[in-house]
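Asks: I have a structure here, written as structure tokens, and I will follow up with some questions on it.
The values are calculated or read from the model by the stated rules, or taken from the named source; none is laboratory data. As the structure is a computational prediction, the values presented were derived from the model and not from experiment. Don't worry about glycine lacking a Cβ; one is built from the backbone with ideal geometry, like all the others, and counts go over all protein chains shown. Calculation scope for accessible area: heavy atoms of the full protein, side chains included, ligands and nucleic acids excluded. Shrake-Rupley method; radii C 1.70, N 1.55, O 1.52, S 1.80 Å.
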Amino acid sequence: MILTYIENWEGKFKKLSYELVSYSYELAKKLNTKVIALSIGNVNNDELTLLAKYGAHKIITVKNQQLNILDNKLFAEVITNVAQKNEATCIILANNTTGKAIAPRLSVKLQAGLVAGVESIPTNTQPFTIRKKVYTGKAYNNVIVKTPKKILTLFQNSFGLVENPQEANIENLDISTAESEIKLIEVNKVTGKILLQDAEIVVSAGRGLKAPENWGIVEDLAKILNAATACSRPVSDEGWRPHSEHVGQTGKIIAPNLYFALGISGAIQHLGGVSSSKCIVAVNTDKDAPIFEAADYGIIGDVRKVIPELIVAIKQTKK
Amino acid sequence: MKILVCISNVPDTTTKIKFVNDYELDKTGIQWIINPWDELALTRALELKEASAGAIKKITVINVGAAETEPTIRKALAVGADDAIRVNIIAKDAYQTAKQIAEAVKDENYDLILTGVESSDSNGMAVGEMLAELLNINSAASISGINFDKSLFTIKREIDGGTELLTIKTPFLATVQKGIAINPRIPAMRGIMQARTKPLKVVEPKNIYNYVEYTDYELPKPKGKCKMIAADNVTELVNLLHNEAKVI
């Protein structure tokens, strides 16, 4: 069995959830087995059923008060329990903060080799061989998993969505755990903004903007494109933007369909975080900026002039 | 109380990655540094110790690696760690690294273990949480803030689109990311001198086992040439994105 852990956000799934099921289905086909999707937390049956559309043969839901906030230790116990009951040989999680927090613990508990950050299904099943990114996207490494059980975390927006409708049963599983030793004091959430990790389009700006007060045009561009905003390291280090928006080797690693690098020279550390983007547009005054080597489309020019013109041009196209 | 910081020795982040025979990293000219996230973890550990009025007695750094990683360990001692452990093995995977750290520290009862959320070389993001599981202690990942007051730790955890403020019972392990500390410490001459005489214990590996084997490397395919568009013709760019790339 392939077991895939499907996180929820206030009871809802998102594109990433369906991508995980799509990937698991493809892997199950290759290994000649079936997919179980596991949800932990309060998700209603209508939402759970959506997982069947992308290839889940069975859906398990665990609801437990102790699991309302992420406690890596307890979540790993629950997933291990389900994996053992269902004789799962592969466990698939997202390569996001949650997946990265739980997968290593599962690896130890199940004595299963972990490959974090895969983008495709294994190239070989005997021995189980899969490719992963290393050196922050600067290279790929082929990895052989020696253990009978395997754990993989999948990069968001790498596999895509594939529909494979199944007739899946929903099984309510009662698993009790110890009391969590992690207590929530408060949550701070930005509302109304598109999340960087989920965005199809990311508009990112760097020092070429010259001053923080020029940031408004970046927001305007993001708004008409329905995009998330991001920034280069100097911009977050100087406090123009929060650290959570820094993309690059030591910030967030993203792979949107379209990435705008505006006034970003494209140092190797920056490229490491964005090189998986499907299409990159660069605007920079320096024609020799390394960003143009990574970009698909480029404009040599001042972002403070180009961005407003771009906004006008996009508005016209939309009409 | 005492804190353990796990550090990894990685190529400087500006390194252009090349390989010898597709199997081995070409180490010519590479500058080795403390993994940037581990360096921030160490910085925060030092800040916590300084602010603890003596409650935090000791900061130990641990590295799994061959003797060639010692300059990196000495740097950690030079910025203020009290002592260091090196497990003498070139680990094959994250499990082996975590297992060797666990073997070396399991009887030491550290109250807090900090490490970077990932390393900038293998990007496995696994050693920290594996170690927590091996030691059977609490953990929290992607922490961007940690504070200590009257034996109670509060941590700030990054979640999608925001942060959570949590309390967590010791002993625990936290993997840290940007924001945990702002500027890494730079060793001063006095620190460098002191580091030479600080204890660095070398331990031999035990129960060596790995789960995965890294085989050959591949470099990403070179990108096609960038299509340049005149700055006074942004409409053309919008057309290309719409009709050719089909991304807007």
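Asks: Does A:Lys73 satisfy the condition of being within 7 Å of another protein chain (Cβ to nearest Cβ) and either farther than 23 Å from B:Lys92 by Cα or surrounded by fewer than 19 Cβ atoms within 10 Å (Cβ to Cβ) (or both)?
Replies: Details: within 7 Å of another protein chain (Cβ to nearest Cβ): yes; either farther than 23 Å from B:Lys92 by Cα or surrounded by fewer than 19 Cβ atoms within 10 Å (Cβ to Cβ) (or both): yes.
The answer is yes for A:Lys73.
Asks: Filter the stretch B:194-241 down to the residues that are surrounded by 13 or more Cβ atoms within 10 Å (Cβ to Cβ) and of a type in the set (Lys, Arg), then identify the one that is farthest from the other protein chains (Cβ to nearest Cβ).
Replies: B:Lys198
Asks: While we're looking at this one, here's another question. Examine the stretch B:193-203 for a residue that is over 30 Å from A:Asp71 (Cβ atoms), at pLDDT 95 or above and touching a Gly at 6+ places or on another chain (Cβ under 6 Å), and state whether such a residue exists.
Replies: no
Asks: From A:Ile268, A:Ile254, A:Ile201, which residue is open to solvent by less than 50 Å² (accessible area, probe 1.4 Å) and either more than 27 Å from the chain's Cα centre (by Cα) or within 27 Å of B:Ala41 (Cβ to Cβ) (or both)?
Replies: Unique residue meeting the criteria: A:Ile254.
Asks: Looking only at the stretch A:294-319, count every residue that is over 21 Å from A:Asn214 (Cβ atoms), within 7 Å of chain B (Cβ to nearest Cβ) and open to solvent by 50 Å² or more (accessible area, probe 1.4 Å) and tell me the total.
Replies: Qualifying residue count, the stretch A:294-319: 1.
Asks: Evaluate the following for A:Pro148: is it more than 10 Å from chain B (Cβ to nearest Cβ), open to solvent by less than 30 Å² (accessible area, probe 1.4 Å) and either more than 28 Å from B:Asp12 (Cα to Cα) or of a type in the set (Val, Ile, Thr) (or both)?
Replies: When the stated conditions are applied, A:Pro148 does not pass them.
Asks: Does B:Gly116 satisfy the criteria of being more than 8 Å from chain A (Cβ to nearest Cβ), among the small types (Gly, Ala, Ser), buried (at least 21 other Cβ atoms within 10 Å of the Cβ) and farther than 18 Å from A:Pro242 by Cβ?
Replies: yes
Asks: I'd like the full set of residues that are open to solvent by less than 20 Å² (accessible area, probe 1.4 Å) and part of a loop (DSSP other than H, G, I, E, B), limited to the stretch A:132-145.
Replies: Within the stretch A:132-145, A:Thr136, A:Gly137 meet the criteria.
Asks: Quick one: would you say A:Val283 is more than 30 Å from B:Ile33 (Cα to Cα), open to solvent by less than 50 Å² (accessible area, probe 1.4 Å), of a type in the set (Val, Ile, Thr) and modelled with pLDDT of 95 or more?
Replies: Yes, satisfied.
Asks: Only one of these is within 30 Å of A:Ala199 (Cβ to Cβ) and among the small types (Gly, Ala, Ser): B:Ala104, B:Ala126. Name it. Even if it seems obvious, please write down each step before you answer.
Replies: Details: B:Ala104 fails: within 30 Å of A:Ala199 (Cβ to Cβ).
One residue alone meets the criteria, B:Ala126.
Asks: Do you know which residues across the stretch B:151-186 are over 23 Å from A:Gln249 (Cβ atoms), open to solvent by 30 Å² or more (accessible area, probe 1.4 Å) and more than 10 Å from every other protein chain (Cβ to nearest Cβ)?
Replies: B:Ser151, B:Leu152, B:Pro171
Asks: Quick check on the stretch A:95-110: of everything there that is open to solvent by 10 Å² or more (accessible area, probe 1.4 Å) and of a type in the set (A, V, I, L, M), which residue is farthest from the other protein chains (Cβ to nearest Cβ)?
Replies: Top of the filtered list is A:Leu110.
Asks: A:Glu179: open to solvent by 20 Å² or more (accessible area, probe 1.4 Å), of a type in the set (D, E, K, R) and in a loop (DSSP other than H, G, I, E, B), yes or no? Full working, then the answer.
Replies: Details: open to solvent by 20 Å² or more (accessible area, probe 1.4 Å): yes; of a type in the set (D, E, K, R): yes; in a loop (DSSP other than H, G, I, E, B): yes.
Yes.
Asks: Is it true that B:Glu50 is away from chain A (no Cβ under 14 Å), of a type in the set (Asp, Glu) and under 17 Å from B:Ile180 (Cα atoms)?
Replies: Yes: the conditions hold for B:Glu50.
Asks: A further question follows. If A:Ile151 satisfies all but one of (1) among the aliphatic types (A, V, I, L, M); (2) within 30 Å of A:Gln126 (Cα to Cα); (3) assigned by TED's automatic domain parsing to the domain that holds A:Thr285, what's the number of the condition it fails?
Replies: Here A:Ile151 clears every test but (3).
Asks: Check A:Glu186 against each of (1) assigned to a helix (DSSP H, G or I); (2) of a type in the set (Asp, Glu); (3) at pLDDT 95 or above and name the one condition it does not meet.
Replies: Just one mismatch for A:Glu186, condition (1).
Asks: A:Thr177 is checked against (1) in contact with a Gly (Cβ under 8 Å, 6 or more places away or on another chain); (2) more than 11 Å from every other protein chain (Cβ to nearest Cβ); (3) over 30 Å from A:Asp302 (Cβ atoms) and fails just one. What number does that condition carry?
Replies: Going through the list (1) in contact with a Gly (Cβ under 8 Å, 6 or more places away or on another chain); (2) more than 11 Å from every other protein chain (Cβ to nearest Cβ); (3) over 30 Å from A:Asp302 (Cβ atoms), A:Thr177 breaks only (1).
Asks: While we're on this one: Mind telling me which of the residues A:Asn169, A:Asn164 ends up being more than 30 Å from A:Ile130 (Cα to Cα) and assigned by TED's automatic domain parsing to the domain that holds A:Gly99? Talk me through it step by step, then tell me what you get.
Replies: Working: A:Asn164 fails: more than 30 Å from A:Ile130 (Cα to Cα).
Result: A:Asn169 is the single residue among A:Asn169, A:Asn164 that is more than 30 Å from A:Ile130 (Cα to Cα) and assigned by TED's automatic domain parsing to the domain that holds A:Gly99.
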